[in-house]
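Scroll down for the structure; my scribbles are underneath it.
Quick note: the coordinates plus some simple rules give every number you see, no bench work behind them. Being a predicted model, the structure only gives us computed values, none of them experimental. Using ideal geometry, Cβ is built from the backbone for each residue, glycine included, and neighbour counts are taken over all protein chains shown.
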């Protein structure tokens, strides 16, 4: 891991890992990245391939430079399709960056962007291609990426409970197309984000996680935000939302997108609000529309749009314990009440679709009325909005757009499943994307944990993407350490969900790590874990010497009490025993066939 | 919070909290502790009463001194029952403390212990009293403690999914007796632990958590272990297990018990093994028996006994990924294989019951064959042992003993429920006490989180007590910080379980904290949380000034973007609106009565 002097982002591979690339078949020039984790030769095991969202920053063969941006791998694919053209780019205006005096403006990204859009309304969203039976390069890329080379492997044990999911043994490009065509999955991929390494969000794919970054009115710079982006994907964030609400929003976003191998999401109403000096009631459709075009041209892959917050829903929040806790939702509610008018997002939704479609910006239909406390979970306001989101999903799809649906929030365990079932039913199987949910309100400072419990469960029930929560939730702005803890915590939740759904490849990593643990391959145990650095440092805190990393015991029990060591002794003894007698395995077999559980084995005379 | 110079344990109340005591009715001298958390007068709310396991250390009115031990509150109750007598105490022998030279022996606890035991086999376990229809002081204490003063409160919303639990609105002493008599709950309370503040473990009580402490062959002292005990209960540990495997085991345990207001559990085989120089095959029934008596006289409240690891089960572990991971289980497996004999714990189980009964030491029947990896979850070895534990439960109850059952371990989410269902069925409703379970193996360094996911779920399904896991699990020895993180994480899991089960008092704390959050009562939000210190420090990391603690916004969004603030504006507007028009509440009511969801409210002309 090396730190560049300026601008500083963390690069280099993770321990014992190297980046490999797999080619496509229909698109042979695809170079689909995976991370290969090497284990000790004594294990006699091949490298473990894991999904890799970290982009070129962890590729030792690539020299990255955030002032140059990432390679534009999709550029040729997009151009080859011939359905988009360079358009007259919208001029950047002072209000895009908060009307700052020139000396305070974050410098524009050095390489100017030449935005594309659809030629004369031609269909170019992944949804439209999929419906037309076209397998895109993005779809083949996703198929290879999700499949993790398991074509060559024997079938894995499939013992999960998938609920409404149906994950095939092998992921093919045609299957990906079918998932996108059905609306069960989306591939957020703005044609103006050619640096993107395509990925899919859907309940039949690996469960994804999102990390939020972004400056606030209070603090932070472009360098900090790009660093957080690179740091978040290093640890596994599949998408990143830029939730900036401070100044320099436009220019910081440019730096983020040009360095993002993952889809970037935004909440355009935040910037629109900044353009009207943060006065919600001063928002207009025209300002919002202009902001959509601005961000779509920059390459934002998905927009959170709170078009489900309708005037009629607002009274339903009146008796809530915590009112409206979504920023976007509260902004729109305030606008609606002030003007006593229906939401302009709802009224202009078809026009919003037309804009999104021209660049293939996916919708993330926002849950502006999500519960902000256990008391408000699954209430009338929340579900009234969800019903509206279902209505909007149908409109967006009819317009050719890709759609996912945002979900809560704060929900006690027994009310989680209802959220997924209702969302699937009301929103035509669109991918669900939830924030946690937190299963209790009483642990500020630990809300990454309260929410990981809910996230793992809702992921299991079918949520396609989990938005992380950091330890600072409800209290302050996450720093770099918080971002990492949030990402690792959500990788745990997403992986636990994949295991429980019976994803055919999920258990490979658990089993590889557990074998390493049982065989005292300490380095392998660290390297196969989600956070090798932390695992190693915790081990070394008690037993720092290098020799201890090959020791057949650990600090917890010491050499004499080590159950794993005793287990090995037992196996050795059992092997000898098996040679001497009828064999332990045979005895175990007899038991499994329904033999007497408590049969006297080597009975003691007289007892 | 003050730190005493020597021996240093943390004392003093938590922020905005004071200890109150409630008297008994049948036993008027009972002083049952609760923690009262005060909120700002502007809230107009009474103090929130929460369950308090921390003992006199957090009582500002009590001067504690660990060299004197805690007040012996149960002494008079036990003496008054007249069914126990002082017995000739077993002499402490050099091997009890690891045969250390005198200068290395931890000093004995300054006040010698005069142990009691039952007179001539008279029944004195809480189970026996309960079966005989006797409500003990311990039972009334537990009833008052669990009830948290809710007699006077209106009925709470009961919207949980309790599965097999049946939690009454009010907890009465007679109801507690019934739970103990049925075996669904235990009150671990050795008659030689008069310092104990009685508590119950059962699925119809608040979900409890256990923290493990104890030295190892490698490190740590009496002071450190007593400090960890006091620290663990300060943050909410309901019981503490002393898992020491190093030297000075006997004397350290004395210091721990004399300062423990919570039940102390041990795994006696650990000390027995130390007495035979850590050679498993050298263990004998006589050494083990002697150790049981030694520890029962000291006042250990529950023993983990791995009597379910039978010779016939061991072959079932032969093909496991991680073999046997329980220390006690592996010790017994090694002994069985070496001697080719049935486990002496199994064969002498009735005698073990006789010993436990004479002091009222509860059983925690150990799951020596619990899975140590996702791959091994719910396998034949695990469930064969569980069946044996059911058999042993019946024996122990017939002998008059209290029993709980230990459970896994590592279990993916979709296999958790089966564990509870099978345990309830096979073990005659005995309380279940599980370690996590971890829902994936891939995150060493974060196993408090991987296991909290499983713990919350298994708690919801009916597990009565959750054994904590710290971030150091699998890697090293937990220090003081790890103990706190483990305890808070498990308080989250236990509380989430209580919420989901529909415990009638659980949501009071969530609601109080959420009201504080919505009303920008920052100090109340900190004080009502599980860890006020961390919540406050995270807030102050971004907004350190005192003035910000009354600010109507926070660092996350800043003043202009605060959704909560906007929500308040909305409510004000709605109030005005209600006066002007028909009223928002009426409109909401109309919706709830099945009115048109999308009725045009204030329609815009021409649209």
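In chain A, the longest principal axis of the Cα atoms and the axis of helix A:173-182 are about 50 degrees apart.
Where the alpha-carbon atoms of the range A:319-413 are placed on the principal axes, they occupy 41, 35, 18 Å, in descending order.
Shortest first, residue B:22 label-point distances to identical copies amount to 6.1 nm, with the label point at 7 Å from Cα along Cα→Cβ.
Summarised in one figure, the compactness ratio Rg/Rh of the range B:1-122, Cα atoms and Kirkwood Rh, is 1.09.
Give me the Kirkwood hydrodynamic radius of the range A:361-493 in Å, from all C-alpha pairs, to one decimal place? Could the numbers behind the result be given before it?
Numbers: mean 1/r = 0.0675 Å⁻¹.
About 14.8 Å for the range A:361-493.
Principal axis extents of the Cα atoms in the range B:189-305, from largest to smallest and rounded to whole angstrom, are 42, 28, 23. The stretch between residue B:546 and residue B:223 holds 112.6 nm of extra length on full extension. This uses 0.36 nm per residue minus the Cα-Cα distance. Placing a pseudo-label 7 Å from each Cα along the Cα-to-Cβ vector at residue B:279 and residue A:61 gives an inter-label distance of 5.9 nm. Grouping the Cα pair distances of the range A:92-228 into 10 Å bins from zero gives a pair-distance distribution of 9, 29, 26, 21, 12, 3, 0 percent in increasing distance order. Counting every other Cβ atom within 10 Å of each residue's Cβ, B:363, A:432 order from fewest to most as A:432, B:363.
What ranking of B:386, A:70 emerges when the number of other C-beta atoms within 10 Å of each C-beta is taken as an exposure proxy, fewest first?
Exposure proxy ranking, most exposed first: A:70, B:386.
Over all Cα atoms in the protein assembly as shown, the spread is summed up by Rg and Dmax: 31.1, 98 Å. All distinct Cα pairs of the range B:68-170 go into the 1/r average, and the inverse of that average, the Kirkwood radius, is 18.5 Å.
With the convex hull built on the Cα atoms of the range B:10-73, state its orientation-averaged projected area in nm².
On the way: hull surface 21.7 nm².
So the Cα hull casts an average projection of 5.4 nm².
Taking every alpha-carbon pair under 8 Å whose residues sit at least 6 apart, the range A:3-154 reaches a relative contact order of 23 percent. The Kirkwood radius of the range B:406-449, taken over pairs of alpha-carbon atoms, gives through the Stokes-Einstein law at 20 °C and 1.002 mPa s a diffusion coefficient of 191 µm² s⁻¹. Take A:260-270, B:324-334 and order them by the average number of nearby Cβ atoms within 10 Å per residue, most first; the result is B:324-334, A:260-270. What do you get for the angle between helix A:285-298 and the principal long axis of chain A? Use alpha-carbon atoms, 0 to 90 degrees, nearest ten. With rounding to tens, the tilt is 50 degrees. Ascending distances from the residue B:159 label point to its copies in the other chains, with the point 7 Å along the Cα-to-beta-carbon line: 3.7 nm.
At 222 nm, what helix-only mean residue ellipticity would the protein assembly as shown give, in deg cm²/dmol to the nearest 500, using -39500 (n - 2.57) for each DSSP H run of four or more? Could you put the intermediate results ahead of the total?
On the way: 40 runs with 461 residues, N = 1214.
That comes out to -11500 deg cm²/dmol.
Helix A:532-542 axis versus longest C-alpha principal axis of chain A: approximately 50°, rounded to the nearest ten.
How do B:167, B:191 line up, fewest other C-beta atoms within 10 Å first?
On the way: B:167 21, B:191 26.
With the sparsest Cβ surroundings first, the list reads B:167, B:191.
For chain B, the spherically averaged projection of the C-alpha convex hull amounts to 31.7 nm².
The calculated Kirkwood hydrodynamic radius for the range B:465-521 is 13.2 Å, given to one decimal from all distinct C-alpha pairs.
Across the range A:331-436, the relative contact order, built from alpha-carbon pairs under 8 Å that are at least six residues apart, equals 28 percent.
Starting from one equal scatterer on each C-alpha and no solvent at all, send me the Debye-based log10 I(q)/I(0) for the range B:330-381 at q = 0.20, 0.24, 0.32 Å⁻¹, two decimals. The calculated log intensity ratios at q = 0.20, 0.24, 0.32 Å⁻¹ are -0.87, -0.99, -1.15. Structural descriptor for chain B: relative contact order 14 percent, calculated from alpha carbon pairs under 8 angstrom and at least 6 residues apart. Label-point distances for residue B:111 to the equivalent site in the other copies, using a point 7 angstrom along Cα→C-beta, read 7.6 nm when ranked shortest first.
The mean count of C-beta atoms from other chains within 10 Å of the C-beta of residues in A:479-488, rounded to a whole number, is 1.
Measuring how big the range B:274-335 is from its alpha-carbon positions, Rg and Dmax come out at 13.4, 41 Å.
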